[in-house]
Amino acid sequence: MSFLRDLKIAVRSLWRVRSLWVTVAITLALGIGANAAIFSIVRAVLLRPLANRDEDRLLYLRQSAPGLGVQNTTFSVPEIDDLGKGLKTITELGTFSTVDFTIIGLGTPREIPAGVVDGHYFEVMGLRPVLGRLLTPSDDGPSAVGAVVLTYRFWKEDLHGDPSVLGKPVHLEGAGGGGARNATIVGVLEPSVPYPASTEVIANVVTSPHHLSATMVTGREHRMTEVFGRLATGATLEAARSELRTQRRDQSASSFRDNGHWPRASHDRGLRPTRDGSHTGSCAL
């Protein structure tokens, strides 16, 4: 039953990444419940090694919200703030959410799938640029300058690998309105698996008015953000799961004491594998 449940979770998570080969999706799904040694053989046939540095310590975090009838979901910003407090088994968290931008300044204006990330995302994911730089914590905050990283495929196929795009100003207009935000192309990402979603550009938070809104910043039930982490040196996946579960129970008890009711947020958090059955994982407790 556990394998079937995890398999369903994997399929739902990967459904949005339609650019991935079916074999990749199947392999990732098998890695959740199958023996790690068997999966290593399957992976060797179907998958090239991921570009991510030290991918065996990369974690993909999810949560369940039984009160809402949800078994596998993303996080809200307040939940992420709580999640990052005092963790010992996880050294750093990076966040990612999907948006649609109309990009102006690269030929005919067009709507493109995009990611909005914090300044820790690329470091946590262990990815590197092939041109320019990636986003860092200096790109965080509402007063930061808009910055955009192009995905390798978009740069190669749509912009013909033109190196002169580096430093080029663009305007990004979100689907929800709020006006176009100015941004500068600061880098091109190395070729990598487009996980958790296939995008053409990845931008910092200030480029998306919605991400700066009160709904996003303070809405505990406004869950649209994926979370990734890195296992601390010497920590195991099982230890990380245990710490997250304990942390959630303590936070729920504190909320009950302060507010007189249990939060409608997650009941549990957990980790499930993103690449193999050992350390790399995602939390779906």
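The values are calculated or read from the model by the stated rules, or taken from the named source; none is laboratory data. Here the structure is a predicted model, which is why all the values come from computation and not from measurement. Don't worry about glycine lacking a Cβ; one is built from the backbone with ideal geometry, like all the others, and counts go over all protein chains shown.
Summary table
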{"read-out": "Residue count for segment 115-127, restricted to those that are outside any helix (DSSP H, G or I), at pLDDT 95 or above and over 15 Å from residue 90 (Cα atoms)", "value": "5"}
{"read-out": "Answer residue from segment 196-228, given it is out of contact with any Ser or Thr (no Cβ under 7 Å at 6 or more places or on another chain) and of a type in the set (Ser, Thr, Tyr) and is surrounded by the most Cβ atoms within 10 Å (Cβ to Cβ) among those", "value": "207"}
{"read-out": "Checking residue 179 against (1) in a loop (DSSP other than H, G, I, E, B); (2) in contact (Cβ under 8 Å) with a residue 40 or more places away in the chain; (3) more than 17 Å from residue 62 (Cβ to Cβ), the condition it does not meet", "value": "(2)"}
{"read-out": "Selection status of residue 187, touching a residue at least 12 places away in the same chain (Cβ under 8 Å), farther than 19 Å from residue 224 by Cβ and assigned to a loop (DSSP other than H, G, I, E, B)", "value": "no"}
{"read-out": "Qualifying position, being modelled with pLDDT of 85 or more and among the basic types (Lys, Arg), among 181, 264", "value": "181"}
{"read-out": "Which numbered condition residue 225 fails, given (1) more than 18 Å from residue 63 (Cβ to Cβ); (2) modelled with pLDDT of 90 or more", "value": "(1)"}
